[in-house]
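What follows is calculated from the coordinates using simple rules that are stated; it is not laboratory data. Just so it is clear, the model here is predicted, and its values are computed rather than measured. As a convention, Cβ positions derive from the backbone with ideal geometry for all residues, glycine included, and neighbour counts pool all protein chains shown.
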Amino acid sequence: MGERTGYSPGTFSWTDLGTTDFQGAKAFYTGLFGWELEDMPAGEGFVYSMARLDGKYVAAIYEQMEEQRAQGMPPNWLNFITVDDVDARTAEAEKLGAAILSPPLDVLDSGRMALVSDPTGAVFSMWQPDNHIGAQLVNVAGAMTMNELDTRDVPAAKEFYHALFGWTFEDDPSGAYTNIKNGENLNGGMMELAPEWGEIPPHWRVYFAVADCDDSLAKIKELGGQVMVGPTEVPAGRFAVAADPQGASFSLVEGELDP
């Protein structure tokens with residue numbers, strides 16, 4: 001079991017979904033992954049719904065705020081990277097050419113976060129934990145297992161993330177895919193956005209583990225979601241890309257996972 005009690009700086013540790021249909025998204029992901037959802041009031045009129053598997057936190061869902069909708073922000077999964085000092089990392093990110101979308105702020109007694117757009121345009125969050133470490137369970141069916149950057153400038157992304165987090169990179173023999181390492185640990189992937197993807201902006205993508213990719217894709221269709229990329233064989237197993245009924249995209253992966 002991929003149980004976690006903490007994350008080293010530079011490690012992906014959490015993901016949450018901002019959506020336009022709170023109840024609809026909750027029904028979809030509960031049906032797909034078997035999550036148990038716990039609604040937590042987090043301010044006036046704002047509810048953060050924490051998802052559990054086997055009693056452990058794995059992700060969260062919330063309804064987008066009016067200002068997010070007014071800005072035309074689509075439903076999306078946001079990926080969080082643990083840091084030891086979010087204020088210092090945010091200042092460094094800005095020096096390295098990132099745009100600071102939301103400066104560091106305290107999230108009740110859970111931790112402190114900042115929202116950043118890297119120099120290629122992909123958005124992520126940095127998380128300095130207090131009472132909430134992030135996901136307590138990863139790398140099992142229904143939980144986060146990987147995070148991937150799809151960008152139009154891989155060299156610039158490598159330079160930025162190496163300088164900010166110390167990440168190192170290993171390109172596969174074809175040069176089409178890059179593994180991201182945080183210290184000795186695999187921490188995600190990176191690839192060039194293909195021209196056929198059109199005007200899709202650079203983004204970080206979350207992968208959830210599943211026991212059977214075909215069964216999960218059939219369930220997605222049954223629940224009103226959309227399969228965007230069918231099951232594809234890769235050395236580590238099989239993956240697919242899907243979108244929930246509100247349009248938020250995510251990936252599934254079936255195969256051998258780290259403990």
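According to the Cα-based calculation, Rg over Rh for segment 2-129 is 0.96, with Rh computed by the Kirkwood formula.
Using a 10 Å Cβ count of at most 15 others and DSSP loop calls, identify the longest part of the chain lacking such GluC sites (Glu not before Pro).
On the way: sites that count: 44, 184, 199, 256.
In short, 45-183.
A full extension of the chain between residue 36 and residue 67 corresponds to an added length of 8.3 nm, given 0.36 nm per residue minus the alpha carbon distance. Dipole magnitude for segment 1-145: computed about the Cα centre from +1 point charges on Lys and Arg Cβ and -1 point charges on Asp and Glu Cβ, it is near 400 debye.
Quick check on my link table: of 95/158; 26/56; 56/219; 158/221, which ones sit more than 27 Å apart, alpha carbon to alpha carbon?
Details: 95/158 16 Å; 26/56 17 Å; 56/219 23 Å; 158/221 36 Å.
As for pairs spanning more than 27 Å Cα to Cα, those are 158/221.
Does segment 102-172 come out rounded, prolate or oblate by the C-alpha gyration tensor, with a ≥ b ≥ c the root eigenvalues, rounded set by a/c under 1.5 and, if not, prolate when a/b is larger than b/c and oblate if not? Show your work: numbers first, answer last.
Values: a/c = 2.29, a/b = 1.33, b/c = 1.72.
Since a/c reaches 1.5 but b/c is at least a/b, the shape of segment 102-172 is classed as oblate.
In debye to the nearest 20, how big a dipole does segment 140-255 give about its Cα centre with +1 on each Lys and Arg Cβ and -1 on each Asp and Glu Cβ?
Details: 7 positive and 18 negative charges, 48 e Å.
The calculation lands at about 240 debye.
What FRET efficiency do you get for residue 218 and residue 191 if R0 is 25 Å and r is their Cβ-Cβ distance, rounded to the nearest 0.05? After rounding to 0.05, the efficiency reads 0.40. Computed about its Cα centre, the charge dipole of the chain is approximately 80 debye, with only Lys, Arg, Asp and Glu carrying charge at their Cβ. Between residue 23 and residue 169, the modelled labels are 4.6 nm apart [label points 7 Å from Cα along Cα→Cβ].
Rounded if a/c is under 1.5, else prolate if a/b is larger than b/c, else oblate: which is segment 140-255, with a ≥ b ≥ c the root eigenvalues of its Cα gyration tensor? List each step's numbers first, then the result.
Numbers: a/c = 2.03, a/b = 1.56, b/c = 1.30.
It is prolate, given that a/c is not under 1.5 and a/b is the larger ratio.
In terms of the Cα gyration tensor, with a ≥ b ≥ c the square roots of its eigenvalues, is the chain rounded because a/c is under 1.5, prolate because a/b exceeds b/c, or oblate? Mind showing how you got there, number by number?
Values: a/c = 1.31, a/b = 1.04, b/c = 1.25.
Verdict is rounded for the chain.
Placing pseudo-labels 7 Å out from each Cα toward the beta carbon at residue 226 and residue 102 gives an inter-label distance of 2.6 nm.
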